[in-house]
Amino acid sequence: MIVSSTTDFREAARRKLPRFLFDYIDGGAYAERTLARNVDDLADLALRQRVLKDVSRVSTTASLFGQELSMPVVLAPVGLTGMYARRGECQAARAASAKGVPLCLSTVSVCDVDEVAAASSRPLWFQLYVLRDRVFMRDLLARAAAAGATTLVFTVDMPVPGARYRDAHSGMSGPHASLRRIMQAMGRPQWAWDVGLMGRPHTLGNVAPVLKGHTGLEDFMGWLGANFDPSIQWKDLEWIRECWKGPLVIKGVLDPEDAKAAVDLGADGVVVSNHGGRQLDGVLSTARALPAIAQAVGDKLTVLADGGVRSGLDVVRMLALGAKGVMLGRAAAYALAANGQAGVSQLLDLVEKEMRVAMALTGVNAVSEIDGSILANGISAG
Ligand code: FNR
């Protein structure tokens, strides 16, 4: 498959997946304004073109939470990845390990943490959603740690699921969801074959013990709404800390006050994120929220960011705004759907290449040299 950008992967994913799945990946909340702004605000950031700066030694390497990486990029936690390609989480993990970057495994993955850890030759990161059953949650964290996950990413921007109208229209959620999904899947026999729908039954591997006879996939958003714990609050970080000895990162912070609370409670990092515009439409894009958060807490913990990152150039832009690492959500999901492990490998190669070019043309040789000085302040490229 010839790919020159994320747009190609997106188009290939659109042709391959049944509509309910493509829309689930591609869509956001309400009118999808925050989703669009995540992409546009980042793409509009103008850079300073610098010349004759000896960029013969450009290196994208970086370290995050003590791990040496080929670039400061992490595959974001994305639910249901095993529905985009056969044992999809394992394929993505193999591509990530081969490239020298971590995969952060979602709580609501199809393959469970043991299966994905076995497929991965690098330590995984594990993403936590807190379900109402706390005894189960403690067990799950112990399982993730025993499987060798190093870094825990606690996602805090989904106490309730966002209103995603595309999902309702395409049959991902709501009444008759299963029937509409079966009908759509029948129109995509290649996809059904590729993901192995006729073989091993698909379920949410990590949370299978609390599914009580369901797969969790019949009405996925309905299941999330019924099982996620909306009473979760800052003081719950104490028991999470008791259960998890490694680095703890809070994902879904968009406000400097919340970032300061994360510092006060001893978190090791935050991910500036609005869940890819899938939760509250109308909140700030991450490109706009990031600088104030990096300024408030960037010297006290590790600030990561995601949302709208579609290229290595966008990675460099996020770093210039103050992030130390960047997560790829949809870009990796499209690539996996389009071409499995090879697709994710192609994407990561592309991102690295684009980072190198952006660094060379802004006159920097090392990730540590990327800061606000490479931005043309206040000027939009759009
Ligand atoms: C997500 N995201 C997400 N986040 C999380 O913490 N746990 C999860 O299970 C999921 N699931 C999920 C599914 C899909 C299909 C998408 C697109 C996203 C959010 C994800 O980790 C990340 O924050 C965003 O995807 C970043 O925005 P971009 O890169 O998609 O624009």
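The values are calculated or read from the model by the stated rules, or taken from the named source; none is laboratory data. The shown structure was predicted, so the numbers you read here are calculated from the model rather than taken from an experiment. All Cβ positions, glycine included, derive from the backbone under ideal geometry; neighbour counts span all protein chains shown.
Is it the case, given these coordinates, that L42 is within 10 Å of the ligand (Cβ to nearest atom) and over 14 Å from the mean Cα position of the chain (by Cα)?
Yes; evaluated as a whole, the condition is true for this residue.
In segment 124-139, how many residues are modelled with pLDDT of 95 or more and closer than 26 Å to G325 by Cα?
6
Could you please find all residues in segment 193-225 being in a loop (DSSP other than H, G, I, E, B), of a type outside the set (A, V, I, L, M), out of contact with any helix residue (DSSP H, G or I) (no Cβ under 8 Å at 6 or more places or on another chain) and in contact (Cβ under 8 Å) with a residue 40 or more places away in the chain?
G196, T203
How about segment 154-186: which of its residues are loosely packed, with under 12 Cβ neighbours inside 10 Å and over 19 Å from G82 (Cα atoms)?
Those that are loosely packed, with under 12 Cβ neighbours inside 10 Å and over 19 Å from G82 (Cα atoms): V160, P175, H176, L179.
Just to be sure, is V116 modelled with pLDDT under 95 and not in a strand (DSSP E or B)? Show your work before the answer.
Details: modelled with pLDDT under 95: no; not in a strand (DSSP E or B): yes.
Spelling it out, it is not the case that V116 is modelled with pLDDT under 95 and not in a strand (DSSP E or B).
Could you list, in sequence order, all residues of segment 71-113 that are basic (K, R) and more than 19 Å from E352 (Cβ to Cβ)?
R86, R87
Restricting attention to segment 255-283, which residues are touching a residue at least 40 places away in the same chain (Cβ under 8 Å), away from the ligand (no atom under 16 Å from the Cβ) and of a type in the set (D, E, K, R)?
Within segment 255-283, D268 is the sole residue that qualifies.
Being crowded, with 17+ Cβ neighbours inside 10 Å, among the basic types (K, R), touching a Ser or Thr at 6+ places or on another chain (Cβ under 9 Å) and modelled with pLDDT of 95 or more narrows it down to one of R37, R48, so name that one.
Only one candidate qualifies: R37.
Residues in segment 344-382 that are surrounded by 16 or more Cβ atoms within 10 Å (Cβ to Cβ) and at pLDDT below 95: how many?
Adding up the residues that qualify gives 0.
I'm told G100 meets every condition in (1) surrounded by fewer than 24 Cβ atoms within 10 Å (Cβ to Cβ); (2) closer than 18 Å to D157 by Cα except one. Can you identify the failing condition by its number?
The one condition G100 does not meet is (2).
Of the residues in segment 58-113, how many are of a type in the set (S, T, Y) and more than 24 Å from I250 (Cα to Cα)?
Residues of segment 58-113 that are of a type in the set (S, T, Y), as a first pass: 59-61, 63, 70, 81, 84, 97, 106-107, 109.
If we keep only those that are more than 24 Å from I250 (Cα to Cα) too, we end up with 59-60, 84.
Selection size over segment 58-113: 3.
Can you confirm whether V58 is surrounded by fewer than 20 Cβ atoms within 10 Å (Cβ to Cβ), without any contact (Cβ under 8 Å) to a residue 12 or more places away in the chain and not polar (S, T, N, Q)? It would help to see each step written out before you state the result.
On the way: surrounded by fewer than 20 Cβ atoms within 10 Å (Cβ to Cβ): yes; without any contact (Cβ under 8 Å) to a residue 12 or more places away in the chain: no; not polar (S, T, N, Q): yes.
Answer is no for this residue.
Look at segment 300-321 and say how many of its residues are farther than 16 Å from K353 by Cα, within 13 Å of the ligand (Cβ to nearest atom) and of a type outside the set (A, V, I, L, M).
The number of residues fulfilling the criteria is 3.
Within segment 123-134, identify whether any single residue is more than 19 Å from L204 (Cα to Cα), more than 11 Å from the ligand (Cβ to nearest atom), out of contact with any strand residue (DSSP E or B) (no Cβ under 7 Å at 6 or more places or on another chain) and assigned to a helix (DSSP H, G or I), and answer yes or no.
Scanning segment 123-134, I find no residue that is more than 19 Å from L204 (Cα to Cα), more than 11 Å from the ligand (Cβ to nearest atom), out of contact with any strand residue (DSSP E or B) (no Cβ under 7 Å at 6 or more places or on another chain) and assigned to a helix (DSSP H, G or I), so the answer is no.
Test each condition in (1) within 20 Å of G372 (Cα to Cα); (2) crowded, with 22+ Cβ neighbours inside 10 Å for A331 and report the one that comes out false.
It is condition (1) that A331 fails.
Just for helices (runs of 4 or more DSSP H) wholly inside segment 237-334: which have at least 3 residues that are of a type in the set (D, E, K, R)?
Filter on segment 237-334 gives 237-243, 256-264.
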